[in-house]
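Trainee: There's a structure below that I have some questions on.
The values are calculated or read from the model by the stated rules, or taken from the named source; none is laboratory data. In this text the structure is predicted, and so the values were computed from the model without any measurement. Note: ideal-geometry Cβ built from the backbone for every residue, glycine included; neighbour counts use all protein chains shown. All accessible areas refer to the heavy atoms of the entire protein, side chains included, with ligands and DNA or RNA removed. Shrake-Rupley method; radii C 1.70, N 1.55, O 1.52, S 1.80 Å.
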Amino acid sequence: MTALLELEGVDKAFGTVRVLRGVDFTVQAGRVVALAGENGAGKSTLMKIITGIYHRDAGEMRLRGKEVQFTTARQSMDAGIAMIHQELNLLPALSVGENIFLGREPVDRMGRIRWSEIERETRHWLGTLQQQIDPWTETGKLSIAQQQMVEIARALSMQAEIIIMDEPTDALTDIETQILFDVVEKLRGEGKGLVFISHRLGEIFRMCDDVAVLRDGNMVHQGPVSEIDEDGLIRHMVGRELSDQYPYVPAEPADIRLKVDHLVAPGVRDVSFEARAGEVVGFAGLVGAGRTELGKAIYGANPAQSGSIEIDGQPTQLRSPRDGVSAGIGYVTEDRKLEGLIQAHGLRQNLSLSGLFRFTNTTGHIDKRAERAEVTRYINAFSVKTHGIDAVISQLSGGNQQKVSIAKSLVAQPRILILDEPTRGVDVGAKREIYQLINELKAEGLCILLLSSDMPELMGISDRILVMSNGLLTGSFARDEADQEAIMRCTVAGLEEARVG
Amino acid sequence: MNAKGFIRENIPLFGLILLMAAVSLYSPNFLTVDNLLNILRQTSINAIIAMGMTFVILTAGIDLSVGSILAFAGAVCASMIAVDTPLIVALLTTIAIGAALGMASGTIVAFFGVQAFIATLVAMTMVRGLVLVYTDGRPISTGDFDVANSFYEIGGGYVAEIPVPVIIAALAFLICWYVLNHTQFGRYVYAIGGNEQVARLAGVNVARVKLIVYATSGALSALAGIILTARLESAQPTAGMAYELDAIAAVVLGGTSLAGGRGRITGTLIGALIIGVLNNALNIMDVSSYYQQIAKGAVILLAVVADGRSKASSR
């Protein structure tokens with residue numbers, strides 16, 4: 001076993017916050033090492049130090065035994081380290097081939113790009129991933145899963161010695177995940193060193209040789225996967241026992257809070273349902289089934305074309321998110337980065353944006369003391385890890401951002417809360433905190449619509465599950481009669497009908 | 001905040017102090033009360049326009065029409081004064097016209113989704129044409145009625161030794177500062193520039209805020225037009241040409257990001273002062289007006305690079 005990359009005693013701090021403390025980490029040739037840890041544990045920071053995006057404050061980094069110090073991402077790339085990013089870093093307006101060779105286009109002596117080579121190579125690397133994508137397709141027109149495969153192909157085409165994969169399977173379906181695993185298998189055989197970051201513990205055990213666990217900036221465990229089990233791994237990650245992943249509390253549903261009648265909106269063909277105060281209604285469905293669209297239609301972001309919405313018995317017209325907020329609806333988007341939080345702004349401004357009216361008098365003056373007090377209350381209640389009320393959002397971890405995103409809609413004191421994929425990209429510990437939060441809100445009498453692609457989560461937390469497919473409701477299950485297979489059948493039901501029709 | 005952070009946050013201010021120190025070493029006439037008041041008076045017009053520009057740029061927009069609106073407002077105001085319109089009526093009408101013109105480009109930006117650069121470029125061209133039609137290409141004198149004398153005071157008068165334009169600019173600054181820092185509207189301006197989609201989904205009426213922002217810029221340009229016309233006792237059809245550039249420069253010198261969402265109105269005031277001091281210093285040093293342009297450009301470049309570097313290193 002040869003160590004390709006060794007890190008020893010790496011420290012990193014942002015301002016006064018120490019993100020990494022004396023971290024040791026080794027990547028070996030021909031082995032896949034999983035890097036596990038909760039959001040905010042320091043995984044991304046560690047990877048950014050390896051890829052030259054951040055500089056370490058202290059410690060050593062050796063590549064094949066030789067001390068290295070990368071000051072740019074380019075240097076680490078040239079040294080044979082490639083990274084597959086969790087967020088897609090592709091330019092949507094460029095073709096697939098252009099994206100794969102961006103910044104390292106093959107040129108002839110005159111500086112002209114050798115397009116034929118780009119085309120050939122692109123076909124080759126996509127072929128390795130069993131993708132039949134034309135190299136000249138505009139990247140933005142591909143599905144998210146396909147784009148993720150392009151991202152992977154780009155990393156492969158660099159023929160790096162070390163490949164870091166940051167949640168590569170998050171956007172992939174089972175079939176593509178399997179393809180990726182086969183490729184990883186092949187790369188391992190070729191003696192490459194692979195780092196695999198994932199929240200999906202099952203994948204870690206299925207695919208990795210070693211596992212390293214970061215917790216609060218400390219490397220608390222590194223060793224072969226065979227010597228640890230799932231419970232042990234979780235224990236290392238959260239530093240305590242996780243008794244029950246889905247802490248369900250039975251509901252005491254009250255009156256009908258929301259009544260949706262024959263709602264038609266972009267992506268929603270004809271949906272009717274009722275939801276009660278103090279109830280969590282889960283919405284299952286495939287990607288593109290129309291759940292997000294339904295949520296946005298109820299909130300007013302995609303105004304309904306026909307049909308009616310009643311809240312607490314009152315017919316309500318919702319033509320904009322502003323109407324939604326005033327009608328007492330909170331909407332937590334699935335896309336926190338683009339739609340949820342202003343990344344460059346502070347925690348306080350983000351948290352109070354929706355509910356600013358609560359601190360504003362008739363002349364538009366903001367009572368900043370009241371605002372600070374309320375924002376601080378939410379930060380504490382949600383145990384958001386931050387070094388201050390004005391910390392910039394982009395410096396928070398994904399899980400903490402998600403808590404802020406939920407808190408933000410609660411500041412406006414909604415009666416109905418729409419949660420769209422509230423735990424996507426959130427680690428085990430933070431997930432459970434969010435579930436507990438949902439329970440508390442339910443107990444307070446909120447009517448919660450939970451839109452989720454995570455089936456165990458839906459079945460674990462919801463009081464009732466509705467299934468959407470192709471813009472229609474295709475199934476309805478009480479909590480105790482919900483079973484995964486029956487739900488799955490409903491998720492594809494509308495598709496059949498659409499094909500026939 | 002530590003000392004390093006304080007300096008990093010206030011690069012424009014230190015730039016201004018440094019500039020003033022350097023000029024005062026060169027010329028003993030610079031740091032006199034008279035000259036400083038003179039600089040303030042000369043700066044007030046650009047400062048007022050730049051304040052409106054700050055609102056626009058904070059929403060990630062830009063307003064190229066300010067110079068044309070200034071000229072049109074000045075022309076309308078001069079012709080009203082010339083026919084003995086009561087002062088308050090003339091002033092309010094002029095400012096309302098400025099706001100309406102600003103709102104016109106705001107409408108194009110907010111409701112038709114046209115990029116601010118294009119929308120206000122169109123407004124700049126068309127309003128300038130309007131000025132030429134209205135004035136027939138000739139200056140309009142404010143006339144000989146008594147009201148013209150009171151009108152002059154707005155541009156050329158003094159209250160307790162302080163030039164009236166400086167007092168107007170100071171009041172405008174206080175109002176703008178309050179609105180941006182302590183009101184819901186101000187918060188929304190920042191939010192829209194930070195991420196328009198997030199703001200919309202949070203329930204902000206984005207179109208309405210934008211409309212008011214461009215109207216504010218138009219109204220402040222009209223106010224600047226009033227001051228300029230009052231001081232000259234006439235409206236020039238070519239007034240305000242290229243003023244948008246000085247205003248944008250002041251905003252950028254003040255550390256406000258052209259990408260929107262980040263910046264401070266205090267910075268804009270300092271930025272305008274830097275430009276004012278620079279103009280004054282170059283005159284005192286007897287630099288040819290041809291070279292002045294080059295020097296001004298160089299200083300702006302220097303300031304923006306220094307600010308950008310300090311912000312990058314703080315990450």
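Trainee: Out of all the residues in segment A:290-331, which are among the basic types (Lys, Arg) and more than 12 Å from every other protein chain (Cβ to nearest Cβ)?
Mentor: A:Arg291
Trainee: Would you check which residues across segment A:1-52 are outside any strand (DSSP E or B) and of a type in the set (Ser, Thr, Tyr) and list them?
Mentor: Correct list: A:Thr2, A:Thr16, A:Ser44, A:Thr45, A:Thr51.
Trainee: Can you confirm whether segment B:172-179 contains a residue that is within 11 Å of chain A (Cβ to nearest Cβ), modelled with pLDDT of 95 or more and in contact with a Phe, Trp or Tyr (Cβ under 8 Å, 6 or more places away or on another chain)?
Mentor: Taking every residue of segment B:172-179 in turn, at least one turns out to be within 11 Å of chain A (Cβ to nearest Cβ), modelled with pLDDT of 95 or more and in contact with a Phe, Trp or Tyr (Cβ under 8 Å, 6 or more places away or on another chain).
Trainee: Kindly evaluate B:Gly225 against the criterion of being without any contact (Cβ under 8 Å) to a residue 24 or more places away in the chain, open to solvent by less than 10 Å² (accessible area, probe 1.4 Å) and away from every other protein chain (no Cβ under 14 Å).
Mentor: Taking the combined requirement at face value, the residue does not satisfy it.
Trainee: While we're on this one: Based on this model, can you work out whether A:Arg415 counts as open to solvent by 10 Å² or more (accessible area, probe 1.4 Å) and closer than 30 Å to A:Glu274 by Cα?
Mentor: Yes.
Yes/no matrix, rows are residues, columns are (1) within 26 Å of B:Ile192 (Cβ to Cβ); (2) more than 19 Å from the chain's Cα centre (by Cα):
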| residue | (1), (2) |
| --- | --- |
| B:Pro86 | no, yes |
| B:Gly98 | yes, no |
| B:Ala110 | yes, yes |
| B:Ala123 | yes, no |
| B:Gly137 | no, yes |
| B:Asp146 | no, yes |
| B:Ser150 | no, yes |
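Trainee: If you don't mind, another one. Quick one: count up the residues across segment B:180-189 that are within 10 Å of another protein chain (Cβ to nearest Cβ), open to solvent by less than 30 Å² (accessible area, probe 1.4 Å) and part of a helix (DSSP H, G or I).
Mentor: So the answer is 3.
Trainee: Pick out the one residue from B:Gly157, B:Gly218 that is among the small types (Gly, Ala, Ser), away from every other protein chain (no Cβ under 14 Å) and touching a strand residue (DSSP E or B) at 6+ places or on another chain (Cβ under 8 Å).
Mentor: B:Gly157
Trainee: Looking at the structure I just gave you, is A:Leu441 touching a Ser or Thr at 6+ places or on another chain (Cβ under 9 Å) and either at pLDDT 90 or above or among the acidic types (Asp, Glu) (or both)?
Mentor: no
Trainee: Would you be able to tell me the number of residues in segment B:239-281 that are outside any helix (DSSP H, G or I) and closer than 17 Å to B:Phe117 by Cβ?
Mentor: 6
Trainee: How many of the residues making up segment A:293-316 are farther than 18 Å from A:Ala275 by Cα and open to solvent by 50 Å² or more (accessible area, probe 1.4 Å)?
Mentor: The qualifying residues number 3.
Trainee: Would segment A:364-384 turn up any residue that is part of a loop (DSSP other than H, G, I, E, B), more than 9 Å from chain B (Cβ to nearest Cβ) and open to solvent by 30 Å² or more (accessible area, probe 1.4 Å)?
Mentor: yes
Trainee: If I filter segment A:10-28 down to residues being in contact with a Gly (Cβ under 6 Å, 6 or more places away or on another chain) and open to solvent by less than 30 Å² (accessible area, probe 1.4 Å), which single residue comes out as farthest from A:Gly223 (Cα to Cα)?
Mentor: So, considering only residues that are in contact with a Gly (Cβ under 6 Å, 6 or more places away or on another chain) and open to solvent by less than 30 Å² (accessible area, probe 1.4 Å), the one farthest from A:Gly223 (Cα to Cα) is A:Val19.
Trainee: In addition: What about A:Gln436, is it in contact with a Phe, Trp or Tyr (Cβ under 7 Å, 6 or more places away or on another chain), under 30 Å from A:Phe14 (Cβ atoms) and surrounded by fewer than 22 Cβ atoms within 10 Å (Cβ to Cβ)?
Mentor: When the stated conditions are applied, A:Gln436 does not pass them.
Trainee: Mind checking which residues of segment A:29-50 are farther than 14 Å from A:Ser397 by Cβ, touching a residue at least 60 places away in the same chain (Cβ under 8 Å) and open to solvent by less than 10 Å² (accessible area, probe 1.4 Å)?
Mentor: Selection gives A:Val32, A:Val33, A:Ala34, A:Leu35, A:Ala36, A:Ile50.
Trainee: In segment A:332-342, what residues are touching a residue at least 12 places away in the same chain (Cβ under 8 Å) and facing another protein chain (nearest Cβ under 7 Å)?
Mentor: A:Thr333, A:Gly340, A:Leu341, A:Ile342 - these are the residues of segment A:332-342 that are touching a residue at least 12 places away in the same chain (Cβ under 8 Å) and facing another protein chain (nearest Cβ under 7 Å).
Trainee: Scan segment B:290-315 residue by residue and report those that are β-branched (Val, Ile, Thr) and at pLDDT below 80.
Mentor: Within segment B:290-315, B:Ile300, B:Val304 qualify.
Trainee: In segment A:56-101, what residues are part of a strand (DSSP E or B) and exposed (fewer than 14 other Cβ atoms within 10 Å of the Cβ)?
Mentor: Selection gives A:Ala58, A:Lys66, A:Glu67.
Trainee: Looking only at residues that are within 11 Å of chain B (Cβ to nearest Cβ) and either at pLDDT below 90 or out of contact with any helix residue (DSSP H, G or I) (no Cβ under 9 Å at 6 or more places or on another chain) (or both) in segment A:385-403, which one is most open to solvent (accessible area, probe 1.4 Å)?
Mentor: That would be A:Gln395.
Trainee: Examine segment A:243-261 for a residue that is within 23 Å of the chain's Cα centre (by Cα) and either assigned to a strand (DSSP E or B) or among the hydrophobic types (A, V, I, L, M, F, W, C) (or both), and state whether such a residue exists.
Mentor: no
Trainee: I've got another one for you. For the structure I just gave you, tell me whether A:Arg114 is under 18 Å from A:Leu7 (Cα atoms) and surrounded by fewer than 16 Cβ atoms within 10 Å (Cβ to Cβ).
Mentor: So A:Arg114 does not fit the description; no.
Trainee: Could I ask something else about it? Does B:Ile212 satisfy the criteria of being surrounded by 23 or more Cβ atoms within 10 Å (Cβ to Cβ), under 23 Å from B:Gly98 (Cβ atoms) and within 14 Å of another protein chain (Cβ to nearest Cβ)?
Mentor: no
Trainee: Count, please, the residues in segment B:64-92 that happen to be open to solvent by 30 Å² or more (accessible area, probe 1.4 Å) and either part of a loop (DSSP other than H, G, I, E, B) or touching a helix residue (DSSP H, G or I) at 6+ places or on another chain (Cβ under 7 Å) (or both).
Mentor: So the answer is 6.
Trainee: With the requirement that a residue be among the hydroxyl-bearing types (Ser, Thr, Tyr), open to solvent by 50 Å² or more (accessible area, probe 1.4 Å) and within 10 Å of another protein chain (Cβ to nearest Cβ), what does segment A:343-363 give you?
Mentor: Correct list: A:Thr363 only.
Trainee: Which condition number does A:Arg464 fail, the rest of (1) under 23 Å from A:Ala373 (Cα atoms); (2) in contact with a Lys or Arg (Cβ under 7 Å, 6 or more places away or on another chain) being met?
Mentor: Of (1) under 23 Å from A:Ala373 (Cα atoms); (2) in contact with a Lys or Arg (Cβ under 7 Å, 6 or more places away or on another chain), only one is false for A:Arg464: (1).
Trainee: Between B:Thr93, B:Thr59, B:Thr142, which is modelled with pLDDT of 95 or more, of a type in the set (S, T, N, Q) and more than 19 Å from the chain's Cα centre (by Cα)?
Mentor: Checking each option against the conditions leaves just B:Thr93.
Trainee: Read through the list (1) modelled with pLDDT of 95 or more; (2) under 12 Å from the mean Cα position of the chain (by Cα), then give the number of the only condition that B:Tyr243 fails.
Mentor: It is condition (1) that B:Tyr243 fails.
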